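Reviewing the structure listed below.
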Amino acid sequence: MTDRLLQRQASLLAYLTSAAAIFGEHAGASVPRPLRGIEPHLLHLEAQFSYDKRMAKIAGAFPRTFAMLGDDLDALLREFVDACPPVDISRIVNARQFHDFLVARWRRSPPEPAYLPEVAACELACGSVHTAHDGAPAQGAPLDPGAPAGSIRRHSGVVLLRCAYDVRPIFEDGGEDAEPVARDTPLVVAVPVGHSGPRVAELPPVVFDLLASLDEWTDPSAFADTAEAEELLLDLIDHGLVEVRA
Amino acid sequence: MTITSGPAVGIGYREIIGDWTRANLDRFDVLEITVDHCIYGGEAQRAAIFDLAGRLPLTAHGIGLSIGTDVPLDLAYLDRVAEIVERLAAPAYSEHLAFTRVPGRDLANLLPLPKTEAVAEAIIAKVRTVKSRVPVPFLLENITYAFDWPDSNLSDAEFLNLICRESGAGLLLDIENLHLNATNHGFDPYAFLDALPAGLVQEVHLAGGVTLQDEVLGRPFLSDSHSHPTPDAALDLLGHMLTRQQPAAIILERDDRLDAVDEILDDIGRIRARIAAARSGQVHDRPIVAAAG
């Protein structure tokens, strides 16, 4: 194949992932030169099929966020499409792209309701935890070959979130319309032992801080220096929040 | 012509109905495993898939190669495919004759290639690379497409035949894709089937999609959604194909409305009935097709 074909393929993907192609704004606008001769409406159909598949992944990861975005959703998705073209087939990568986009947008324009960033962060955390729980190849946190057996760290499938609102009621059955209370809330998102899906729970600040400090494999004696601390550590291990290096 | 031995019939394994599939293994002769689910899926998903090895025959199908992207193949990916294929004891590995991505952008959707001799030559070279890394027969699958490139000067059958003949690849014939393309683009699917050399089709895909009413096109447009029962028109094509080809496996693909398992089992029954009809020589004459091109 020639360089020219790669250029045409790149041009095609750039066009198919554009808002113009996806939302059918091709009428009156010319398609890129390398795509001349292809029926623009058929390109629109192809773009729409691909967009629908991608958005099904993203909407599946952010059901509550999508519902809360309400009337803003359509305009926001058009903006997202042009700002963040798809770079990966996986659901979690597309979800992270969407979340990053939302966070950047909320820096410019405060969200409504104000607790929406917490809800979106929890939903992304649930997706990440689900992926990690299913044992997908680890992203980051590579195994430290120097860490001795018996070292401890926060489980790689656990996400900690310090939220300005207590959004937990929203994640309970029938809690879609709950009004979160504004207060500093240290949350953990994890799959509890014996469960198949992620749960959102509040942690005592001291436990949150302990887990936050366990990014790397650590000698447990640094923490379990009292009977109470040792009991806490064992409890965290039992609940799957801390893992022990074999 | 009477078929003397029948192909294995099964479904594409999907995690979301994994428990149901394992509880109904006796309904299938074969399962198709998506190798990318083994490569990128989680430990639990991989364990569930590998646990099936030895319980019934498995075939290996890929969605992540993007053989048509005009860049060198990802050899590391192919080596992982080879490991998976070996672990599944799969008799063949199939992929789509398509491209899905370019550097920096991944549509995650199959796109057509210009059907020209130059592109065919490049694909032939890539198939040889695949065959050198994955030690089982390699099959290419025909895709469905909404549009064609204006410089395509070979028919679908000519393009596939050229690549398969020169590279030694077999064909995974997606009959639903053939049905969709023939309907959407106005060609005769039976002429396509008759143009394939006997013995080329090694495996078959069947599925059911939806019909979109498109005001701009002014005609219905069939979409390959893998969401509904296989249409009778596709099963008619299957019957006709079986008079000339002897595929080893026929796989029903389902990716949406997976809770409608009764429809899946019903489709399996309909496929088996068509195979039985072909074996007894009871294939109806080809329907009169309003071919437009």
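Things worth noting here:
- Matching residues, segment A:185-204, being more than 19 Å from A:Glu118 (Cβ to Cβ) and in contact (Cβ under 8 Å) with a residue 40 or more places away in the chain: A:Val191, A:Pro192, A:Val193, A:Gly197
- Every residue from segment B:221-256 that is modelled with pLDDT under 95 and assigned to a helix (DSSP H, G or I): none
- Residues of segment A:81-136 that turn out to be more than 14 Å from every other protein chain (Cβ to nearest Cβ), over 15 Å from the mean Cα position of the chain (by Cα) and closer than 23 Å to A:Ala19 by Cβ, as a count: 6
- Which listed residue, of A:Ser18, A:Ser90, is touching an Asp or Glu at 6+ places or on another chain (Cβ under 7 Å) and outside the structural domain of A:Arg162 (by TED's automatic domain parsing): A:Ser18
- Residue, nearest to B:Arg105 (Cα to Cα), within segment A:24-65, restricted to residues that are among the basic types (Lys, Arg), within 9 Å of chain B (Cβ to nearest Cβ) and assigned to a helix (DSSP H, G or I): A:Arg54
- Residue match in segment B:140-149 (condition: farther than 25 Å from A:Asp88 by Cα, out of contact with any helix residue (DSSP H, G or I) (no Cβ under 6 Å at 6 or more places or on another chain) and not aliphatic (A, V, I, L, M)): no
- Yes/no for A:Leu241 being touching a helix residue (DSSP H, G or I) at 6+ places or on another chain (Cβ under 7 Å), surrounded by 14 or more Cβ atoms within 10 Å (Cβ to Cβ) and under 17 Å from A:Ala132 (Cβ atoms): yes
- Considering (1) of a type outside the set (Phe, Trp, Tyr); (2) out of contact with any His (no Cβ under 7 Å at 6 or more places or on another chain); (3) part of a strand (DSSP E or B), the lone condition that B:Glu32 does not fulfil carries the number (2).
- Conditions (1) among the acidic types (Asp, Glu); (2) touching a residue at least 60 places away in the same chain (Cβ under 8 Å); (3) surrounded by 16 or more Cβ atoms within 10 Å (Cβ to Cβ): number failed by A:Glu39: (2)
- Here B:Leu193 passes the criteria (1) assigned to a helix (DSSP H, G or I); (2) more than 16 Å from the chain's Cα centre (by Cα) except the one numbered (2).
- Annotation note: Cβ proximity below 7 Å between a residue of segment A:160-184 that is under 14 Å from A:Met68 (Cβ atoms) and a residue that is assigned to a strand (DSSP E or B) (sequence gap 6+ or interchain) occurs for A:Tyr165/A:Val181; A:Tyr165/A:Ala182; A:Tyr165/A:Thr185; A:Phe171/A:Val200; A:Pro180/A:Tyr165; A:Pro180/A:Asp166.
- Scanning segment B:32-58 for residues that are within 12 Å of another protein chain (Cβ to nearest Cβ) and charged (D, E, K, R) yields B:Asp36, B:Glu43, B:Arg46.
- B:Asp232 vs. criteria surrounded by fewer than 20 Cβ atoms within 10 Å (Cβ to Cβ) and either among the acidic types (Asp, Glu) or within 29 Å of B:Cys164 (Cα to Cα) (or both): yes
- With respect to the conditions (1) over 25 Å from B:Leu65 (Cβ atoms); (2) in contact with a Cys (Cβ under 7 Å, 6 or more places away or on another chain), A:Ala59 lacks only one, and its number is (2).
- When segment B:147-188 is filtered for residues that are surrounded by 18 or more Cβ atoms within 10 Å (Cβ to Cβ), part of a loop (DSSP other than H, G, I, E, B) and without any contact (Cβ under 8 Å) to a residue 60 or more places away in the chain, the ones remaining, listed by number, are B:Phe147, B:Asp148, B:Trp149, B:Ala169.
- Filtered residue count, segment A:101-115, keeping only those that are over 18 Å from A:Arg64 (Cβ atoms) and either modelled with pLDDT of 95 or more or charged (D, E, K, R) (or both): 3
- Of all residues in segment B:68-102, those satisfying the criterion of being touching a residue at least 60 places away in the same chain (Cβ under 8 Å) and surrounded by fewer than 23 Cβ atoms within 10 Å (Cβ to Cβ) are B:Pro91, B:Ala92.
- Any hit, segment B:74-84, residues being part of a loop (DSSP other than H, G, I, E, B), within 14 Å of chain A (Cβ to nearest Cβ) and either modelled with pLDDT of 95 or more or closer than 22 Å to B:Ala8 by Cα (or both): yes
The rows are residues; the columns are (1) within 18 Å of A:Glu123 (Cα to Cα); (2) among the acidic types (Asp, Glu); (3) assigned to a loop (DSSP other than H, G, I, E, B).
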residue: A:Pro148; (1), (2), (3): no, no, yes
residue: A:Arg153; (1), (2), (3): no, no, no
residue: A:Ala182; (1), (2), (3): no, no, no
residue: A:Val207; (1), (2), (3): no, no, no
residue: A:Asp215; (1), (2), (3): no, yes, yes
residue: A:Leu232; (1), (2), (3): no, no, no
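- Of the residues making up segment B:85-139, those that are at the interface with chain A (Cβ under 10 Å from one of its Cβ atoms), in a loop (DSSP other than H, G, I, E, B) and under 23 Å from B:Ala157 (Cβ atoms) are B:Pro112, B:Leu113, B:Pro114, B:Thr116.
Table: residues versus (1) over 18 Å from B:Leu73 (Cβ atoms); (2) buried (at least 22 other Cβ atoms within 10 Å of the Cβ); (3) over 17 Å from the mean Cα position of the chain (by Cα); (4) among the acidic types (Asp, Glu).
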position: B:Asp106; (1), (2), (3), (4): no, yes, yes, yes
position: B:Leu111; (1), (2), (3), (4): no, yes, no, no
position: B:Glu121; (1), (2), (3), (4): no, no, yes, yes
position: B:Ile124; (1), (2), (3), (4): no, no, yes, no
position: B:Arg133; (1), (2), (3), (4): no, no, yes, no
position: B:Asn142; (1), (2), (3), (4): yes, yes, no, no
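- Here B:Glu253 fulfils each of the conditions (1) surrounded by fewer than 18 Cβ atoms within 10 Å (Cβ to Cβ); (2) in contact (Cβ under 8 Å) with a residue 24 or more places away in the chain; (3) under 25 Å from B:Leu140 (Cα atoms) apart from (1).
The values are calculated or read from the model by the stated rules, or taken from the named source; none is laboratory data. Owing to the predicted nature of the structure, the values given are computational and were not obtained by experimental measurement. As a convention, Cβ positions derive from the backbone with ideal geometry for all residues, glycine included, and neighbour counts pool all protein chains shown.
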